[in-house]
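Quick notes on the structure that follows.
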Amino acid sequence: MRPSRPLVQGLVAVQLCCAATFLEVALRRRPFPELAAGWSAAATSGVGRRLPLAAGLLDTERLQRLVALAARSWRADRGCLPRALLTWWIELASGQQAAIVIGVRREPFVAHAWVEVGGQVRGEAGDPPARFRELVRYGPAPARSAGA
């Protein structure tokens with residue numbers, strides 16, 4: 001018997017909120033490169049690949065809405081970094097060669113974080129690479145076209 005959708009959504013949402021809480025504490029206590037390395041290793045570990053439990057029962061759009069909700073639980077609308085880290089976790093755990101990218105814009109100065117898989121942005125509205133200059137990337141380098 002398959003569990004009901006509200007039950008699955010609730011289970012996944014609780015796990016994502018717990019992960020967002022962990023990230024909020026870790027972001028205050030660890031240098032980002034160290035956090036990124038640990039987060040990546042955890043997501044691709046045997047246990048990490050199974051988390052969040054039941055996420056595979058949700059479609060991508062619903063899962064991304066739950067990720068955004070969990071990220072906003074700590075940082076309101078300024079939650080791009082936790083949202084990107086949660087998205088990165090889900091992509092890595094599902095076996096994708098995902099990268100988390102942090103970019104900046106000068107006028108006005110703004111930083112933003114997003115996730116790319118094979119050069120495609122995941123879990124974002126709009127096109128961050130067109131609006132922000134890449135500052136740092138954790139994960140595989142972007143796919144290059146044959147003519148580049």
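Just so you know, all these numbers are worked out from the coordinates, no wet-lab data involved. Everything quoted here is computed from the prediction, not taken from an experiment. Cβ coordinates were reconstructed from backbone atoms using ideal geometry, including for glycine residues, and neighbour counts include every protein chain displayed.
Scaled to the globular estimate 2.2 N^0.38 Å, the Cα spread of the chain, given as radius of gyration, is 1.05.
Modelled label positions at Trp74 and Val136, each set 7 Å beyond Cα in the direction of Cβ, lie 1.6 nm from each other. Contact order for the chain, expressed relative to its length and based on alpha carbon pairs under 8 Å spaced 6+ residues apart, stands at 21 percent. In a fully extended conformation the segment linking Ala54 and Val110 would gain 16.6 nm over its present Cα-Cα distance, using 0.36 nm per residue.
Cβ crowding within 10 Å, taken as a proxy for footprinting-reagent exposure, orders Arg5, Arg122 from fewest neighbours to most as Arg5, Arg122. Full extension of the segment from Gln97 to Val14, taken as 0.36 nm per residue of separation minus the current Cα-Cα distance, would add 27.3 nm. Rg and Dmax, both from the Cα atoms of region 24-107 and both in Å, are 13.2, 43.
Based solely on its DSSP helices, what 222 nm [θ] is calculated for the chain when runs of n ≥ 4 H residues each add -39,500 (n - 2.57) and the sum is averaged over all residues, nearest 500 deg cm²/dmol?
Working: 5 runs with 71 residues, N = 148.
Taken over the chain, the calculation gives -15500 deg cm²/dmol.
Here the gap between Ala37 and Arg65, fully extended at 0.36 nm per residue and compared with their Cα-Cα distance, gives a gain of 7.6 nm.
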